[in-house]
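Peer 1: Could you have a look at this structure, given as structure tokens, before my questions?
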Amino acid sequence: MSRISAIEAIVLAAGKGERMGAIKPLVEIDGRPALTRVIRTLREAGIERVIVILGYRAEEIEKKIDLSCCIVGENVSYESGMGSSLALGVSLVSPDAAGFLVAHADMPYVKAETVSKVTARALEGAKIVPGLQRSARVSGLSRLWVPRGANPYAAWGDWRSQLHLPTRG
């Protein structure tokens, strides 16, 4: 696959995973931790700069997963919600990035082909989709705060019609 150096990725991996009862990034999926699978998928899709945001049990995750190919940020306020992790991730995006994709450590089955299609459509000028933002939107995301969380990020645009990806019947 072609390299997409203009798009960066933020992987949110800071939450407690209380409902699951396990440390989500470390849950084994087909013999590999979920976070490892997500990072590998992003790299296979051509995203070279991957930012991983850790929080809950960050040291344990760093000991068990090789994050040497990533930029790692630790959200010490992870209990305040996803918005604080997203804001930290946004603050670590390169100023010259054309955009960034937000991925979650507990979504290990997203395929590299899907990531490639989403990023390609965005670079072609498709409307901004949740999870992929152009750098012009960074200022708004970096100001997310606890009561609002990440809801504004998820509400931007009619994005489903822009992807042209197969859907379940």
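Peer 1: Being in contact with a strand residue (DSSP E or B) (Cβ under 7 Å, 6 or more places away or on another chain) and under 22 Å from Gly31 (Cβ atoms): is that true of Leu92 here?
Peer 2: no
Peer 1: Checking Ile29 against (1) surrounded by 15 or more Cβ atoms within 10 Å (Cβ to Cβ); (2) of a type outside the set (D, E, K, R); (3) over 21 Å from Glu74 (Cβ atoms), which test does it fail?
Peer 2: With (1) surrounded by 15 or more Cβ atoms within 10 Å (Cβ to Cβ); (2) of a type outside the set (D, E, K, R); (3) over 21 Å from Glu74 (Cβ atoms) applied to Ile29, the lone miss is (1).
Peer 1: Please specify each residue of region 38-79 satisfying the condition of being farther than 14 Å from His104 by Cα, in a helix (DSSP H, G or I) and of a type in the set (A, V, I, L, M, F, W, C).
Peer 2: Ala58, Ile61
Peer 1: Identify all residues within region 58-79 that are touching a residue at least 12 places away in the same chain (Cβ under 8 Å), surrounded by fewer than 21 Cβ atoms within 10 Å (Cβ to Cβ), within 24 Å of Glu28 (Cβ to Cβ) and in contact with a strand residue (DSSP E or B) (Cβ under 9 Å, 6 or more places away or on another chain); write none if there are none.
Peer 2: Those that are touching a residue at least 12 places away in the same chain (Cβ under 8 Å), surrounded by fewer than 21 Cβ atoms within 10 Å (Cβ to Cβ), within 24 Å of Glu28 (Cβ to Cβ) and in contact with a strand residue (DSSP E or B) (Cβ under 9 Å, 6 or more places away or on another chain): Ala58, Lys64, Leu67, Cys69, Cys70, Val72, Glu74.
Peer 1: Give region 5-26 a look and list any residue that's in contact with a Phe, Trp or Tyr (Cβ under 9 Å, 6 or more places away or on another chain), in a loop (DSSP other than H, G, I, E, B) and crowded, with 17+ Cβ neighbours inside 10 Å, or say none.
Peer 2: Passing the criteria: Ala14, Gly15, Gly17, Ile23.
Peer 1: Which of the helices (runs of 4 or more DSSP H) found entirely inside region 80-169 contain at least 3 residues meeting this: surrounded by fewer than 19 Cβ atoms within 10 Å (Cβ to Cβ) and modelled with pLDDT under 60?
Peer 2: 138-141, 151-154, 160-163
The values are calculated or read from the model by the stated rules, or taken from the named source; none is laboratory data. Computed from a predicted model, the values in this text were never measured in an experiment. Every residue, glycine as well, gets a Cβ built from its backbone with ideal geometry; the counts of neighbours run over all protein chains shown.
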